[in-house]
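Worksheet: the structure to be examined is printed underneath.
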Amino acid sequence: MFQSMFDRLLALFMVVILLVALVGGAFSMLSIRSSMVDSRMESLLRQAREIAFLASRVEDSAFNDYLNIQSPSMSYLQWKASAVYQDYGAYILIVDRSGRVRDNMQSALQGSAGALQTLDADGVSQALLRVLQGEEVQVQMRSADGPVFTVAVPYVQNGAVLGAVFIHTSAQIINAEYHGLLLQIAIGFAFAALAAILGTAFYARGIVRPLTVITGAAEEMSRGKLSTRAEVTGVNEVRQLAGAFNVMAEKLEQVEENRKEFVANVSHELRSPVTSIHGFVEGMLDGTIPQDDYPRYLQIVFDETNRMKRLIADLLQLSRMDKGVDKLEWSDFDINELIRRVIIGRMNDIEDRKLDMQLEFEQEPCLVHADSDKISQVVHNIVDNALKFVVDNGNLTIRTSLLHDNTVAVTIQNDGEPIAPQDRDRLFERFYKADKAHTAGKGTGLGLSICKQIMDLHGQTLEVMPLDEGAGFRFTLALSRKPEPAKLEAR
């Protein structure tokens, strides 16, 4: 029946509003009725006290003496009784200690004397006994015409309780006022519920409409339109959802662009050596290349196949790290010694280019906690880049220094051409090469990406140093908690 989210929300809110209105209205009406009864009883009690005071001023014989009916006190008492009847719809009985109604008060009943016979005699008797003991009474009695609310107070002369003043009012009179108020309350609740339902419909539409827009955008993305974005509107939570959806869409679009670029780069990197190998092999097969030149061209083919092997190995390593298959083998080792071994392995290149090699180690030994094989690969890759782009007779500097957060910073720097600012943020992208790299060597463009991935696995940083002269990289490693050998000997 309710297929859409808007219909369900609206139906739910309407049920809740109606339940709240009904429960709230019921409690309100009960509370109001109770308040009205309490207020009426309190007013009647005040009137009964006044009449009791007047009755105490009238001589006992005056109640039964028709000739004294026009005495000022008796006249005022009868006027007061009539006024109470007119104002409150209540009638008054003044009874003596024996329960006999004073004769001269019969005229104050205004034709309602017959109500005396309808009252619950037992209830009146019990109330009279309590009043004669000096107690004020508020009770609800039964009569032939229905429930009756009664208040009774004693009237006293010369310190003695001579009788009681009863004031009776029918529950129907209070209910009549209550029913009129009930109608007003019901109308008020109806208007409030209508306004709440309209407001709820407006609010629910404000929630559902942005969600519908996000759903439509998701469907568009599922069809391959990754440039689709959701409109950021609605309540704060929906706005956050739309913002998160747009961020996800941007990342997916970027991933798709990277995928396309990655495929294009891999195709380019593989096509070049394959084309070269194919051309040379074809030349040797059809006799275009003389047999005397075979060794030279076979060496080229061999170099190209090695290049393809390195490319495939790098791609496989990146894939393993992306999938989390390539795990780290943690150990404690001396980073200074690792750097020395890397430099010793490249001494021929350093001597051939007559470089000034400087190693600056702040602490000896410098133990770090990492995967030594992976860090060795990082150092090899960065040193290879530094040697590739350094000028002959230039400087190559490697330093390790302690930082305040229990880490070691390893800096590798040369005095070659500085890295352009527009290239610094993209050097760690896969297959990205600055213009210099295209002319200087045969790198795959994956070395720095692998280095960055390795440092991310370690939870450390790898960054390009913003130098005005020369180029440099810096990465960090966690210091080892293992005591250093020198300190152990000192103990």
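The values are calculated or read from the model by the stated rules, or taken from the named source; none is laboratory data. Keep in mind that what you see is a predicted model, and the values were worked out from it rather than measured. Here Cβ is always computed from backbone atoms with ideal geometry, including for glycine, and neighbour counts include all displayed protein chains. Note: accessible area is taken over every heavy atom of the protein model, side chains too, but ligands, DNA and RNA are not part of it. Shrake-Rupley method; radii C 1.70, N 1.55, O 1.52, S 1.80 Å.
Numerical summary
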quantity	calculated
For residue 328, net neighbour charge (Lys/Arg +1, Asp/Glu -1) across residues whose Cβ lies under 14 Å away	-3
Neighbour cut-off at most 13 other Cβ (10 Å), DSSP loop, GluC sites (Glu not before Pro), the stretch 257-362	329, 362
Antiparallel DSSP beta bridges within the stretch 344-410, percent to nearest 5	35 percent
Net lengthening on full extension, residue 426/residue 46 (0.36 nm per residue, minus Cα-Cα)	127.5 nm
Length added when fully stretched, residue 207-residue 328, from 0.36 nm per residue minus Cα-Cα	38.8 nm
Pairwise label distance in nanometres, residue 187 with residue 260, each label 7 Å out on the Cα-Cβ vector	6.8 nm
Computed over the stretch 307-388: relative contact order in percent, which uses C-alpha pairs under 8 Å that are six or more apart	41 percent
With DNA, RNA and ligands ignored, accessible area of residue 397 (1.4 Å probe; Å², nearest 10)	20 Å²
Over 25 Å (Cα to Cα) - which of 251/452; 354/388; 260/374; 260/309; 309/388 fall in this group	260/374
Length released on extending from residue 312 to residue 197, taking residue separation times 0.36 nm less the Cα-Cα span	34.9 nm
List 330, 79, ordered by accessible area with a 1.4 Å probe, largest first	79, 330
Sequence of 300, 450 from largest to smallest accessible area, 1.4 Å probe	300, 450
Computed label-point distance, nm, for sites residue 158 and residue 76 using a 7 Å Cα→Cβ extension	2.2 nm
Residue order for 347, 321 - accessible surface, 1.4 angstrom probe, largest first	347, 321
Spatial separation of Cα centroids for the stretch 293-307 and the stretch 332-379, in angstrom	32 Å
